[in-house]
Structure formats: structure tokens, C-alpha cells
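J.: Shown below is the structure under consideration.
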Amino acid sequence: MNFGIIAAGEGSRLVQEGVKYPKPLVRIDGKPMISRLIDIFVSCGAESVSVIVNQQMTEVADFLRNMSDSLPCTFNLIVKSTPTSMHSFYELSSLMEGKGRFILTTVDTIFREDDFRKYVESFMAAPESVDGMMAVTTFIDDEKPLYVATDADNNITAFLDKPEPGIKYISGGIYGLSDKSIPVLRRCIEEGVGRMRNYQRALVAAGLTLKAYDMNKILDVDHASDIEKAEEFLN
């Protein structure tokens, strides 16, 4: 499996709240978030790990370059500032294309390693007719959650900004996709579509078969207070 990490955000809220490290280097249980993710990907048999960071994050880029020498898989680093996470994915997409299925996540996504491994195994074992498998959660602690509507077979039917009756999931910020997703991404870029949630809506509109995978509890680290929440969750 090939993995990608979007780490190109500015993390401005953490800075405003007194956190001195760039977001990817914020420590959770004593380990920088980005190295924690990479270690988990490697433990799940990563063939490659590709990361995008913004041009202002020289400290993060240097950290990753130093770390890459010790990795047992291919490592790719893109240093480029982008307006949205969807544009960051677009920059990473050339490294994913032609490799079959891949998994993309944002750098501030916190989950238990065992839960993630089961998700990876489920995606790898899914039939070829499945074009993507999105990790979802019933735990809602996000300021602007993306609600995920599903049918009886856990096929994703819609991505919504507001909850509706019968909807129990929100997006976990972990995207399992196949090569079929990349032409849709290019079309979104060409048409000026912004934000990952609108890209995901475009995937549904294009007729791709997307499954929802309940990965139990998933947290995002957006505020300084989330660091303690994340550590309590993992312990």
C-alpha cells in the first residue's frame, strides 16, 4: 500500500494558542505527529510514503529529510504552499497515480494503530469494484464536521455539511482511494472546485463506489487543548 500525508497547513490556531512547534512536529505521547503517522504506515507495510509541507515549514522539511534515510520504504517529499488540502492532494497525486490503491490522511488525524491496521487490511481485501474506502467515525468533536450518508451496505451516498436524520458518521480525514479518483481530482482543479469535501462530493457524482469504514474514534488536533485530548485517547 502507498500512503500520502497532507501537512501543508499553517497550523495558525495552534500558534495563536501558544504552541511553539509547527503542527506536524507537535508531540503526542512524546512523538511528533508526522513521525507517528509514518511509523504506523511503515508498520502496515508501506511501499511508499509521500508528504507535502508548505514552503514556510523549513523545520518540518529538514526533519523529514533527516528521518527519510532510516525508512525501509520509498519516501517522497514535496515542499510547496497550497491554498487547500485538495490542492495539496493534487500535488501528491502524480506520486500515487499508476500504483493502484492508496491511502491519504491529514497530518493532525489521531487514531489507534490497531484500528488503522484493520482499516488498511479491509481496503486491501475489498473487491476491485470498490473505488474507495473512507474512514469514518461516530465521534464528533469537530468545529465543521463533514457528515457521511450511507446506505444499508455502507456505500457512501452523500457528503453533507449538516446532519440529517439517520446519518451517524462524519469523515475521519482518512481517504482510501484508487486510480479512478485522480481524473476526478484533475477535473475539480480545472473547474476551480475548492476543499476536500467538495472533491468527495464530486467522487459520488462521478459514480465511484465508495465504502464507509467505521474506524471507531478519530480525533483532529486543531487547538492546543486537543493535544491533551489526543494523549488521553491513545492512553
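J.: Out of everything in region 106-131 that is touching a Phe, Trp or Tyr at 6+ places or on another chain (Cβ under 7 Å) and not hydrophobic (A, V, I, L, M, F, W, C), what residue ends up being nearest to Ser225 (Cα to Cα)?
T.: My answer is Tyr119.
J.: Within region 33-49, how many residues turn out to be crowded, with 19+ Cβ neighbours inside 10 Å and either among the small types (Gly, Ala, Ser) or more than 27 Å from Arg101 (Cβ to Cβ) (or both)?
T.: Number satisfying all stated conditions: 1.
J.: Considering Gly132, Gly207, which residue is touching a strand residue (DSSP E or B) at 6+ places or on another chain (Cβ under 9 Å) and at pLDDT 95 or above?
T.: Going through Gly132, Gly207 in turn, just one is touching a strand residue (DSSP E or B) at 6+ places or on another chain (Cβ under 9 Å) and at pLDDT 95 or above: Gly132.
J.: Residues being open to solvent by less than 60 Å² (accessible area, probe 1.4 Å) and either under 17 Å from Gly173 (Cβ atoms) or among the basic types (Lys, Arg) (or both): count how many of those fall in region 215-226.
T.: Number of matching residues: 8.
J.: Determine whether region 119-128 contains at least one residue that is free of Cβ contacts under 8 Å to residues at least 12 places away in the same chain, of a type in the set (D, E, K, R) and within 18 Å of Met215 (Cβ to Cβ).
T.: Yes; the residues of region 119-128 include at least one that is free of Cβ contacts under 8 Å to residues at least 12 places away in the same chain, of a type in the set (D, E, K, R) and within 18 Å of Met215 (Cβ to Cβ).
J.: Also, I was wondering about something else. Would you confirm whether any residue within region 74-96 is in contact with a helix residue (DSSP H, G or I) (Cβ under 6 Å, 6 or more places away or on another chain), open to solvent by less than 40 Å² (accessible area, probe 1.4 Å) and under 16 Å from Ala212 (Cα atoms)?
T.: The answer is no; no qualifying residue exists.
J.: To continue, here is another question. I need the full set of residues from region 151-168 which are surrounded by 13 or more Cβ atoms within 10 Å (Cβ to Cβ), in contact with a Leu (Cβ under 8 Å, 6 or more places away or on another chain) and either not aliphatic (A, V, I, L, M) or not in a loop (DSSP other than H, G, I, E, B) (or both), in order please.
T.: If the condition is that a residue be surrounded by 13 or more Cβ atoms within 10 Å (Cβ to Cβ), in contact with a Leu (Cβ under 8 Å, 6 or more places away or on another chain) and either not aliphatic (A, V, I, L, M) or not in a loop (DSSP other than H, G, I, E, B) (or both), then Asn155, Ile156, Phe159, Leu160 are the ones that fit.
J.: Are any residues in region 169-208 in a helix (DSSP H, G or I) and either closer than 18 Å to Asp151 by Cα or small (Gly, Ala, Ser) (or both), and if so, which ones?
T.: Within region 169-208, Ser181, Gln200, Arg201, Ala202, Leu203, Val204, Ala205 meet the criteria.
J.: Determine if region 213-224 includes at least one residue that is in contact (Cβ under 8 Å) with a residue 24 or more places away in the chain, under 30 Å from Gln16 (Cβ atoms) and of a type in the set (Phe, Trp, Tyr).
T.: Scanning region 213-224 turns up no residue that is in contact (Cβ under 8 Å) with a residue 24 or more places away in the chain, under 30 Å from Gln16 (Cβ atoms) and of a type in the set (Phe, Trp, Tyr).
J.: Scanning region 106-142 for residues that are of a type in the set (S, T, N, Q) and in contact with a helix residue (DSSP H, G or I) (Cβ under 9 Å, 6 or more places away or on another chain), which turns out least open to solvent (accessible area, probe 1.4 Å)?
T.: Thr109
The values are calculated or read from the model by the stated rules, or taken from the named source; none is laboratory data. Treat the numbers as computed from the prediction; the structure is a model and nothing was measured. Positions of Cβ are generated from backbone atoms using ideal geometry, with glycine treated the same way; all protein chains shown enter the neighbour counts. Surface areas here come from the heavy atoms of the whole protein model, side chains and all, with no ligands, DNA or RNA. Shrake-Rupley method; radii C 1.70, N 1.55, O 1.52, S 1.80 Å.
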